[in-house]
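Asks: Right, I'll just put the structure down here and ask away after.
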Amino acid sequence: MAGQCPVRHDLNMFDSAFVADPYATCPAMQESPVFWSSDLECYVVTRYDEVQAVLTDHARFSNAATNVPVTPINPEAQRVLDEAEVWFRPNLTNADAPRHTMVRRWVADAMRPRRIRALEPGVRAWAAARVEEMVTLGTADVYEHLCFPLPAITGFTLIGFPEADVEQLKSWCDRRVVLTYGRAAGAEQVEVAENVAAFWRYTNEFVKSRLEEPKDDLTSDLIEHHLEEPEEFSLRDVAAVLFGLSIAAHETTTNLMTNGIRQLLTHREQWEALMADPSLIGNAIEECLRFDGPVIGWRRRATEDVEVAGTVIPQDSVVLMLLYSANHDPRRFDGAEAFDITRPDARSHLTFGKGTHFCSGAPMARMEMRVVLENLIEKAPGMRLVEDQVLDFVPNISQRGPRGLLVDFAPDRAPALA
Ligand code: HEM
């Protein structure tokens with residue numbers, strides 16, 4: 001029997017207190033498995049079982065809501081996007097079957113394990129050089145030197161973007177999440193829209209160049225599918241997949257690294273345990289994903305009236321799943337509030353989603369994080385967080401990680417003589 005849907009006014013995901021520590025809200029949010037948020041004007045699902053049920057019920061919860069801007073785009077920013085013709089039909093993250101099934105298969109094929117494995121030596125060499133550089137510097141921003149550029153370079157290499165363009169591409173990627181998941185002020189929206197427009201133009205030109213001259217990369221593989229089915233999968237669709245992929249591959253993995261390093265150094269005994277037994281790295285990555293994951297919320301839309309834990313979610317409603325809260329649900333994880341790299345069921349987190357849309361890039365993100373941790377353990381075992389630093393987060397409903405993390409890489413080294 002369905003009951004009255006509770007309403008909450010205290011989920012304020014754009015507040016500085018929330019972004020600094022969303023986990024403090026878990027007990028209050030989990031009081032009701034489903035509620036209506038007056039601030040976000042959508043249904044919110046908070047507990048593990050219910051979030052998992054929504055994620056995997058593809059018939060009754062569509063992915064169409066995934067990338068809809070949470071704050072309407074202002075006319076000036078919209079004009080910038082329109083001039084660059086930034087529009088495309090749903091292909092992957094925001095598509096449903098059967099279109100999703102077809103494009104996902106092609107993308108999965110283009111991201112085949114052999115291709116991801118082939119990226120690893122480059123990732124390893126690049127990460128090693130950056131860690132050595134930071135150790136030489138003494139104190140360094142691990143976000144700026146390592147966590148931001150590494151996933152960008154890796155993702156762009158997978159796609160096939162030329163190395164010479166990486167610096168330009170990285171600068172266009174800054175704060176992209178604001179436009180879809182944030183509550184940006186007018187001027188910031190316009191600035192980000194200009195970057196998005198430039199990136200979109202670049203991507204379309206790049207697709208045309210690969211059509212003329214294919215290479216061994218993901219883009220060229222997708223163009224082959226375009227040539228087989230030009231109507232169903234146009235060149236614009238190819239560009240749209242690259243566009244989405246570059247976002248999916250970048251911010252998320254950056255935040256996994258920065259959040260993970262922060263938690264490991266904050267819980268020093270866990271860092272020491274990892275150094276004592278590096279075979280724990282695989283499970284430590286899963287616990288980083290669970291405990292302080294890079295994706296805190298994800299959306300679906302109800303295709304019909306659906307009852308979830310006694311509340312009817314009406315057809316067409318947007319549903320926000322609080323992944324951070326599900327991952328800290330004490331009904332699912334013993335001692336959910338403890339960061340424990342030996343936790344036996346850490347891998348049950350929902351940070352990569354679940355079901356037919358489960359993250360296609362999970363193996364690549366795990367590989368990059370593993371390489372980073374291996375390098376840090378080997379080259380900077382004594383590293384420590386710089387104390388009392390104020391962390392800066394971009395307030396938004398989905399992606400979370402600090403835009404800067406100062407680490408002292410050689411705390412035991414004597415200061416240089418003046
Ligand atoms: C720690 C890093 C990452 C996290 C936490 C993450 C998380 C997610 C989540 C939550 C979804 C949506 C799942 C759903 O709708 O049920 C997703 C989808 C996706 N991710 Fe990731 N992701 C990460 C890294 C990557 C990387 C590195 C790539 C690509 C190289 C990637 C590519 C994709 C793609 C293509 C999809 C769409 C899958 C589909 O709709 O079928 N992700 N990811």
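The values are calculated or read from the model by the stated rules, or taken from the named source; none is laboratory data. As the structure is a computational prediction, the values presented were derived from the model and not from experiment. Neighbour counts are summed over all protein chains in view; Cβ atoms, including those assigned to glycine, are modelled from backbone coordinates with ideal geometry. For the accessible areas, the whole protein counts, side chains as well, though only heavy atoms, and no ligand, DNA or RNA atoms are used. Shrake-Rupley method; radii C 1.70, N 1.55, O 1.52, S 1.80 Å.
Asks: Tell me whether region 93-111 contains one or more residues that are over 28 Å from LEU235 (Cα atoms) and not in a loop (DSSP other than H, G, I, E, B).
Replies: The answer is no; no qualifying residue exists.
Asks: For region 74-94, what are the residues that are within 16 Å of the ligand (Cβ to nearest atom) and either aliphatic (A, V, I, L, M) or more than 21 Å from VAL107 (Cα to Cα) (or both)?
Replies: LEU92
Asks: Could I ask something else about it? From the set of residues in region 334-372 that are in contact with an Asp or Glu (Cβ under 6 Å, 6 or more places away or on another chain) and of a type outside the set (A, V, I, L, M, F, W, C), which is nearest to the ligand (Cβ to nearest atom)?
Replies: Of everything passing the filter in region 334-372, ARG347 is nearest to the ligand (Cβ to nearest atom).
The rows are residues; the columns are (1) without any contact (Cβ under 8 Å) to a residue 40 or more places away in the chain; (2) closer than 30 Å to ARG176 by Cβ; (3) open to solvent by less than 50 Å² (accessible area, probe 1.4 Å).
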| site | (1), (2), (3) |
| --- | --- |
| HIS328 | no, yes, yes |
| ARG347 | no, yes, no |
| GLY355 | no, yes, yes |
| VAL371 | no, yes, yes |
| GLU374 | no, yes, no |
| ARG384 | no, no, no |
| ASN396 | no, yes, yes |
| PHE409 | no, yes, yes |
| ARG413 | no, no, no |
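Asks: Could you tell me which numbered condition TYR143 fails, if it satisfies all but one of (1) surrounded by fewer than 21 Cβ atoms within 10 Å (Cβ to Cβ); (2) part of a helix (DSSP H, G or I)?
Replies: The number of the failed condition is (1).
Asks: Return the pairs, sorted by first residue and then second, in which the second residue is more than 9 Å from the ligand (Cβ to nearest atom) and β-branched (Val, Ile, Thr), the first residue lies in region 286-298 and is more than 11 Å from PHE339 (Cα to Cα), the beta carbons are less than 6 Å apart, and the residues are 6+ apart or on different chains.
Replies: Final answer for the pair search is GLY297/ILE397.
Asks: If only one of THR66, THR25, THR56, THR71 is in contact with a strand residue (DSSP E or B) (Cβ under 6 Å, 6 or more places away or on another chain) and either touching a residue at least 40 places away in the same chain (Cβ under 8 Å) or open to solvent by less than 70 Å² (accessible area, probe 1.4 Å) (or both), which one is it?
Replies: THR66
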